[in-house]
Every structure is written in C-alpha cells, then in structure tokens.
1. Of 29, 45, 6, whose Cα points farthest to the positive end of the dipole of the chain (charges on the beta-carbon: +1 Lys, Arg; -1 Asp, Glu; origin at the Cα centre)?
2. Treating only the Cβ of Lys, Arg, Asp and Glu as charged (+1, +1, -1, -1), what charge dipole size does the chain show about its Cα centre? Round to the nearest 20 debye.
3. Less than 19 Å from a label point 7 Å out along the Cα-to-Cβ axis of residue 41: which backbone N atoms in segment 52-73 qualify, by residue?
4. Go ahead and collect, in residue order, the members of segment 11-27 whose backbone nitrogen is under 15 Å from a label point 7 Å along the Cα-Cβ direction of residue 67.
5. Restricted to Cα positions, what overall size does segment 3-61 have along the principal axes? Three whole-Å values, descending.
6. Quick one: how many lysine pairs does the chain have with C-alpha atoms less than 16 Å apart and a gap of 8 or more or different chains? Give me the count, please.
Amino acid sequence: MDEQKILETFGFNFKVYRTKLKMSQDDVVERTGFSKSYISNIENGKHRISLVNALILSELVGKSIESMLKNIE
C-alpha cells in the first residue's frame, strides 16, 4: 500500500466511524484540540498524520490503528 492510499484509507475510516458515533468535526476539535481544517484534511487524505495523532483519533472513535488502516466492507 502506498503512502497516499494509507492516508486516504485512514481518513475515510475515521470519517465513517466518527459519523457512526454521530460525532461532528466540531466535536473532534473540542475533544482533541486539533483544528477543524486539520481534521478535514485528514479525512480527505490530504495531510500526513503523526503516529501519536493517529492513535488519538483512533481511540476517540474506539478503534485500533490497525482497524483504521483496513478497508471497510
């Protein structure tokens, strides 16, 4: 899997899990302190994300980083 595909998969999965929890981007901003544009760019696969921030976002939606990197079926 290339880098861009990893970023897109993580971002897509985060958005899916976030919306299933009825969590808005504003809720994520409030809970993490990240900016809304940063969250949007992650969800759109347009931003490299650090391992620490990936862990924070994964835990926020109750998923492992491993599951965030798998295609949702």
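Nothing in this text is a laboratory measurement; each read-out follows from the coordinates by a stated rule. In this text the structure is predicted, and so the values were computed from the model without any measurement. We place every Cβ from the backbone using ideal geometry, glycine too, and count neighbours over all the protein chains shown.
1. Of 29, 45, 6, it is 29.
2. Values: 11 positive and 10 negative charges, 27 e Å.
So the magnitude is around 120 debye.
3. 52-58
4. Those under the cut-off are 13-22.
5. 28, 21, 19
6. Going through the chain pair by pair, I get 10.
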